[in-house]
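The next block holds one structure in the form of structure tokens; read it before the comments.
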Amino acid sequence: MLPRLVSTPFGVALSSLCTFSLVLWVSSAAAAPAREKENLRDLFFGQALFQAYQENYFDAIVALDTELNQYHRLDEPELDPFTTHYGQAEFSVGDLELSYRMHREAGRAIEAVLKGNVPQPVRNEAAYRLAKIQYHKQQPRNALHALEMIEGRVPERVRAEERFLRARVYMELGRFEEAVELLKDLKGEPSLAGFVEYNLGIAQMKAGQEERGVLELTALGKAGGSNPAVQALSDKTNLLLGYHLMEAGELELARPYFDRVHLEGPFSNKALLGAGWVEARAGRFDRALVPWKLLQDRPATNEAVQEAMLAVPYAYGKLDVHSTAAINYGRALETFSHEIDELSDSITSIREGKFLEALRRKEADQVQNWVVALRNLPGAPETHYLLDLMASNDYQEFLRNYHDLNDLFERNESWLGSLTAYEDIIELRRSYYEPLLPGIDHKFRELDARIKLRIEQRDKFASRIEQMLVSRRPEYLAFADEQEARLKLARMREILGRGPRHYSEEVEARIARLEGVLEWRLSTEYDQRLTEAYKHLQQLNEEIEKLQVVYHSFVRSRQAATHSYKGYNDTIAQLRSRLKMAQTKLETLMARQGTMLETLAVNELDRRRAQLESYQIKARFALADSYDRANELQEQRLDQRKIEQHRGSQPEEAVPQDNPPELEAPAEEGGDG
């Protein structure tokens, strides 16, 4: 009555699995900008790494760029502890920018390393990282060109990743035989466990070695593991092989692959649906009902569940249980009608901008799987239907870009608010310091005059001492009373020289005697006094140095007080202008990105609604047919019951023992007379 509604073509499944493997591998490797086990010597570099491992790539890039810019401006950078991590930091910048999807910046950073005078191993690692950037930009030919720049030995820490990247580039370019050879050598690599085997199986199947590819993928599907990523890869592999064998008509071989998929994993719905179709194709509709009925009770927003709602009554119809089929078709119609209304409301909600509001909510990105967490947000029913779309690689990029643009927009808003806060702080400082500065400047001028006087005295004293080191000048070392005595004796001689009436030999002798005593004392004590004078000069220098320290401290304090509120207006105005320009640009980019997200979401919901409407039409016709068949069967049963009742009400007629005369055989002519 109903054909099989949904099947997964092998080619489509294969291409989707290639994307799936890329997403898993990138997610496991993107948060590792540097894995070298080195002792951390620079705390600022450690802060950047901490932000990177928390997946706060923007903060990590800002911290690392700031550290690198400061390092490049140092006069003696070799004395900075950051020198130990400089090479690692250069590569980390490219990795972080790549993780933040700044492909151009990451490419420029790594190309700068390639053009520099660096050792060949460093050049090889830079070429590998450039190839990884080109591969993420979906430019496999450019990635292969970068890989061909590698010469000699690749550093041990990226050797396996380089060969794995080369194999995936070959697969993108259709060179599956070469990819197979590389992946065979990579089997057993702990850091790539599961991903190598998966890509090897795909490459073998694409290269025409289907039997080997199936065996390789079968072994991976049986392996499983506690790691969610490896378990998901195992389930996806089993799902792929199950559908592939079912399409090839190998129904008995396909069944075990569907059975290996975990019932609670992300691929359980499709696995249950496929398991049911395997049994249905084999004509065992009673066994097909087991997985389909289990799937029927799951959330109705899933496509596999919606198909199962039609598959269950279809199986009942094949088993001639048309009444039960009709009941299940009625249930499906009711569910489809409700879901179509929900989809219509979701499309309206998206066009009103509520979907983008849900994406901007902070509670969504506080968990690792924030896309899946969107389904739990209140007032966002449209996200329930978009998980498959959101899980795709391209849509993930759009979502992350929009999320990062929104994050930058909110950061700019916060920075604009901070600028206003800075202006308030500056105004408070101005109102505090400006009334104090006149009195402080007056005291400073007094202190400056005293310091200048002491410096002049020191310079004069120092000049005299230097002269005395060359020629003896005892008078420079006379004490104050000796200086006063010398002056008095000089005035007495002046008086004696004015005329005879003032002259006296006795006075002359006494003056000469006193002058001789002074000269004798100064001459005999000259060396000792010169030594004392030099010591006093050193003490004076120390005191002046203390005064100079106080002076410079005051100058610095006054400059700091002045600089704390002067000269900021122009800088703040420029920053505010740049932030507003950035906000305008971010608003434009967010609008474009949001329009793209909304368009893709609406198209997806339109597709789902059209599919449900198609299911609804099929269910209505099938429901009518089931009712007809059920009524026909019921009428047949009623007629049969009436016949049986009629037979039971009639008396039994005696069965004649002899044949009637007309059935008697005629007597043979010519018999005995």
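The values are calculated or read from the model by the stated rules, or taken from the named source; none is laboratory data. Because the structure is predicted, anything quoted here is derived from the model rather than measured. Cβ: placed from backbone, ideal geometry, glycine included. Neighbour counts: every protein chain shown. We work out accessible area using only protein heavy atoms, side chains counted, and drop any ligands, DNA or RNA first. Shrake-Rupley method; radii C 1.70, N 1.55, O 1.52, S 1.80 Å.
Here are 468, 492: which of them is surrounded by 12 or more Cβ atoms within 10 Å (Cβ to Cβ) and farther than 17 Å from residue 528 by Cα?
Going through 468, 492 in turn, the sole match is 492.
Mind listing whichever residues of the range 215-229 are under 10 Å from residue 198 (Cα atoms) and not polar (S, T, N, Q)?
Across the range 215-229, the qualifying residues are 216, 217, 219, 220, 221.
Of everything in the range 73-88, what is in a helix (DSSP H, G or I), modelled with pLDDT of 75 or more and under 19 Å from residue 47 (Cα atoms)? Give them in sequence order.
Within the range 73-88, 81, 82, 83, 84, 85, 86 meet the criteria.
Any idea which of 405, 453 is open to solvent by 40 Å² or more (accessible area, probe 1.4 Å) and of a type in the set (A, V, I, L, M, F, W, C)?
Only one candidate passes the filter, namely 453.
Just checking, how many residues over the range 553-573 are in contact (Cβ under 8 Å) with a residue 12 or more places away in the chain, open to solvent by less than 60 Å² (accessible area, probe 1.4 Å) and within 25 Å of residue 440 (Cα to Cα)?
Result for the range 553-573: 5.
Restricted to the range 121-137, and to residues that are within 19 Å of the chain's Cα centre (by Cα) and over 13 Å from residue 95 (Cβ atoms), which residue is most open to solvent (accessible area, probe 1.4 Å)?
If we take residues in the range 121-137 being within 19 Å of the chain's Cα centre (by Cα) and over 13 Å from residue 95 (Cβ atoms), then 137 is most open to solvent (accessible area, probe 1.4 Å).
Working carefully through the options 101, 108, 35, 41, find the one that is at pLDDT 75 or above, of a type in the set (Lys, Arg) and either in a loop (DSSP other than H, G, I, E, B) or open to solvent by 60 Å² or more (accessible area, probe 1.4 Å) (or both).
One residue alone meets the criteria, 41.
Restricting the range 230-262 to residues that are without any contact (Cβ under 8 Å) to a residue 12 or more places away in the chain and outside any helix (DSSP H, G or I), which is least open to solvent (accessible area, probe 1.4 Å)?
Going through the qualifying residues, I end up with 249.
How many residues are among the β-branched types (Val, Ile, Thr) and closer than 18 Å to residue 138 by Cβ if we restrict to the range 157-184?
1
Quick check: anything in the range 325-332 farther than 13 Å from residue 622 by Cβ and among the charged types (D, E, K, R)?
no
Which of (1) of a type in the set (Asp, Glu); (2) under 30 Å from residue 410 (Cα atoms); (3) open to solvent by 50 Å² or more (accessible area, probe 1.4 Å) is the odd one out, the single condition residue 598 does not satisfy?
(3)
Give me the pairs, please: first residue somewhere in the range 344-355 and open to solvent by 40 Å² or more (accessible area, probe 1.4 Å), second residue anywhere and part of a helix (DSSP H, G or I) and not charged (D, E, K, R), beta-carbon distance under 8 Å, and either six or more positions apart or on two chains.
If the second residue must be part of a helix (DSSP H, G or I) and not charged (D, E, K, R), the pairs left are 345/381; 351/602.
Could you tell me which of the residues 378, 435 is open to solvent by 70 Å² or more (accessible area, probe 1.4 Å), modelled with pLDDT of 80 or more and either touching a Ser or Thr at 6+ places or on another chain (Cβ under 7 Å) or not in a helix (DSSP H, G or I) (or both)?
Matching residue, one of 378, 435: 435.
Going through the range 285-294 one residue at a time, which ones are closer than 17 Å to residue 257 by Cβ and open to solvent by less than 90 Å² (accessible area, probe 1.4 Å)?
288, 291
On the given criteria, is residue 578 more than 30 Å from residue 417 (Cβ to Cβ), among the basic types (Lys, Arg) and either open to solvent by 80 Å² or more (accessible area, probe 1.4 Å) or touching a residue at least 12 places away in the same chain (Cβ under 8 Å) (or both)?
Against the criterion (more than 30 Å from residue 417 (Cβ to Cβ), among the basic types (Lys, Arg) and either open to solvent by 80 Å² or more (accessible area, probe 1.4 Å) or touching a residue at least 12 places away in the same chain (Cβ under 8 Å) (or both)), residue 578 does not qualify.
Could you grab me the full set of residues in the range 382-414 that are at pLDDT 80 or above and aromatic (Phe, Trp, Tyr)?
398, 402, 409
Name the pairs: first residue in the range 279-308 and more than 19 Å from residue 333 (Cβ to Cβ), second residue open to solvent by 40 Å² or more (accessible area, probe 1.4 Å), Cβ to Cβ under 7 Å, at least 6 apart or on different chains?
Between residues of the range 279-308 that are more than 19 Å from residue 333 (Cβ to Cβ) and residues that are open to solvent by 40 Å² or more (accessible area, probe 1.4 Å), the close pairs are 279/287; 285/318; 285/319; 286/319.
With the requirement that a residue be open to solvent by 60 Å² or more (accessible area, probe 1.4 Å), at pLDDT below 85 and either of a type in the set (Gly, Ala, Ser) or touching a strand residue (DSSP E or B) at 6+ places or on another chain (Cβ under 7 Å) (or both), what does the range 186-228 give you?
188, 191, 223, 226
For residue 550, are the conditions met, namely being open to solvent by less than 50 Å² (accessible area, probe 1.4 Å) and of a type in the set (A, V, I, L, M)?
Criteria not met by residue 550.
For the range 75-85, name all the residues that are crowded, with 17+ Cβ neighbours inside 10 Å and over 23 Å from the mean Cα position of the chain (by Cα).
82
List the number of the failed condition for residue 562; all other conditions in (1) at pLDDT 85 or above; (2) over 30 Å from residue 336 (Cα atoms); (3) not small (Gly, Ala, Ser) hold.
(1)
Going through 260, 287 one at a time, which residue ends up being at pLDDT 90 or above and not small (Gly, Ala, Ser)?
287
Restricting the range 150-172 to residues that are over 16 Å from residue 184 (Cβ atoms) and in contact (Cβ under 8 Å) with a residue 60 or more places away in the chain, which is most open to solvent (accessible area, probe 1.4 Å)?
The qualifying residue most open to solvent (accessible area, probe 1.4 Å) is 157.
Which condition breaks for residue 281 when tested against (1) open to solvent by less than 40 Å² (accessible area, probe 1.4 Å); (2) touching a Leu at 6+ places or on another chain (Cβ under 9 Å)?
Only one criterion in (1) open to solvent by less than 40 Å² (accessible area, probe 1.4 Å); (2) touching a Leu at 6+ places or on another chain (Cβ under 9 Å) is unmet by residue 281, namely (1).
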